[in-house]
């Protein structure tokens with residue numbers, strides 16, 4: 001009898017991977033994001049498994065095209081339509097590790113064309129404005145926050161709850177089960193700041209992220225709200241999570257600009 005030829009070993013796909021702390025200049029703070037550089041799209045199931053394995057609030061997947069990059073973002077449980085800190089982290093990788101020299105990076109995404117420009121140490125996101133429409137607070141929102149906001153609104157994706165002072169949102173102990181019942185991706189809570197123009201926190205239990213450390217996309221709603229309320233076009237914001245993060249904001253009408261710094265924590269490869 002002839003010998004059975006040995007099976008050819010199938011090598012795993014090797015994905016360049018970067019772990020970036022966004023909206024800060026010091027490691028171990030800000031919002032960590034994973035950035036994966038792909039040559040072609042892998043199955044959605046594989047992308048979701050990678051994001052779940054990373055256990056970060058967002059993992060970004062990037063493909064280089066002729067005159068732009070395709071960009072997608074996944075939480076550990078779902079794909080999202082817009083993410084600020086992972087876009088900032090991706091731009092940081094493009095500028096520092098992909099030999100990119102153009103003044104702005106263009107990303108094609110589920111939210112249309114986005115761009116990031118470099119201004120010294122700052123990376124500045126150009127994102128769509130998503131102003132809130134004010135509404136009566138749902139009971140699940142009030143139960144979930146445990147405190148009565150001064151004002152409640154909703155963007156096309158998230159709820160906005162405004163409080164009187166920073167201590168009000170720092171003291172919140174959310175009821176995740178109640179917040180998970182809301183018809184939204186996330187809940188942003190915000191208040192006037194003392195050393196900055198405004199502060200915020202962001203909860204997204206339905207997306208598998210109880211509290212997001214620094215949420216750039218939430219500022220698509222926070223910026224137009226606070227710009228109108230304070231009568232200022234340029235604002236500085238701080239997200240009051242345990243890790244914290246600083247955002248330099250500008251209201252441009254139908255667009256907003258969100259600036260921040262980033263720092264590399266880790267680089268390597270993912271095998272799938």
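The values are calculated or read from the model by the stated rules, or taken from the named source; none is laboratory data. Not measured: the values here are computed from a predicted model. Note: ideal-geometry Cβ built from the backbone for every residue, glycine included; neighbour counts use all protein chains shown.
Return yes when residue 16 is over 28 Å from residue 235 (Cβ atoms), outside any strand (DSSP E or B), touching a residue at least 24 places away in the same chain (Cβ under 8 Å) and touching a strand residue (DSSP E or B) at 6+ places or on another chain (Cβ under 6 Å) and no when it is not.
Spelling it out, it is not the case that residue 16 is over 28 Å from residue 235 (Cβ atoms), outside any strand (DSSP E or B), touching a residue at least 24 places away in the same chain (Cβ under 8 Å) and touching a strand residue (DSSP E or B) at 6+ places or on another chain (Cβ under 6 Å).
Could you say which residue among 25, 111 is touching a residue at least 40 places away in the same chain (Cβ under 8 Å) and closer than 24 Å to residue 211 by Cα? Spell out the reasoning first.
On the way: 111 fails: touching a residue at least 40 places away in the same chain (Cβ under 8 Å).
Only one candidate qualifies: 25.
Which of (1) closer than 22 Å to residue 31 by Cα; (2) within 22 Å of the chain's Cα centre (by Cα); (3) surrounded by fewer than 19 Cβ atoms within 10 Å (Cβ to Cβ) does residue 195 not meet, given it meets every other one?
Here residue 195 clears every test but (2).
If you check residue 139 against the conditions, is it assigned by TED's automatic domain parsing to the domain that holds residue 225, within 18 Å of residue 23 (Cα to Cα) and exposed (fewer than 15 other Cβ atoms within 10 Å of the Cβ)? Explain how you work it out, then say what you get.
Working: assigned by TED's automatic domain parsing to the domain that holds residue 225: yes; within 18 Å of residue 23 (Cα to Cα): no; exposed (fewer than 15 other Cβ atoms within 10 Å of the Cβ): yes.
No, not satisfied.
Looking at residue 202, is it surrounded by 22 or more Cβ atoms within 10 Å (Cβ to Cβ) and assigned to a strand (DSSP E or B)?
For residue 202, the condition - surrounded by 22 or more Cβ atoms within 10 Å (Cβ to Cβ) and assigned to a strand (DSSP E or B) - is met.
Results for (1) touching a strand residue (DSSP E or B) at 6+ places or on another chain (Cβ under 8 Å); (2) more than 18 Å from residue 123 (Cβ to Cβ); (3) touching a residue at least 12 places away in the same chain (Cβ under 8 Å), shown as yes or no for each residue.
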site: 203; (1), (2), (3): yes, yes, yes
site: 207; (1), (2), (3): yes, yes, yes
site: 225; (1), (2), (3): yes, yes, yes
site: 231; (1), (2), (3): no, yes, no
site: 238; (1), (2), (3): yes, no, yes
site: 260; (1), (2), (3): yes, no, yes
site: 266; (1), (2), (3): yes, yes, yes
site: 271; (1), (2), (3): yes, yes, yes
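Taking region 53-65, which residues are surrounded by 14 or more Cβ atoms within 10 Å (Cβ to Cβ) and either at pLDDT below 95 or assigned to a loop (DSSP other than H, G, I, E, B) (or both)?
56, 57
Out of 69, 92, report the one residue that is surrounded by 15 or more Cβ atoms within 10 Å (Cβ to Cβ) and either touching a residue at least 40 places away in the same chain (Cβ under 8 Å) or over 17 Å from residue 18 (Cβ atoms) (or both). Give the derivation first.
Values: 69 fails: either touching a residue at least 40 places away in the same chain (Cβ under 8 Å) or over 17 Å from residue 18 (Cβ atoms) (or both).
Exactly one of 69, 92 is surrounded by 15 or more Cβ atoms within 10 Å (Cβ to Cβ) and either touching a residue at least 40 places away in the same chain (Cβ under 8 Å) or over 17 Å from residue 18 (Cβ atoms) (or both), namely 92.
Go through the residues of region 35-52 one by one and say whether even a single one is closer than 25 Å to residue 237 by Cβ and outside any strand (DSSP E or B).
no
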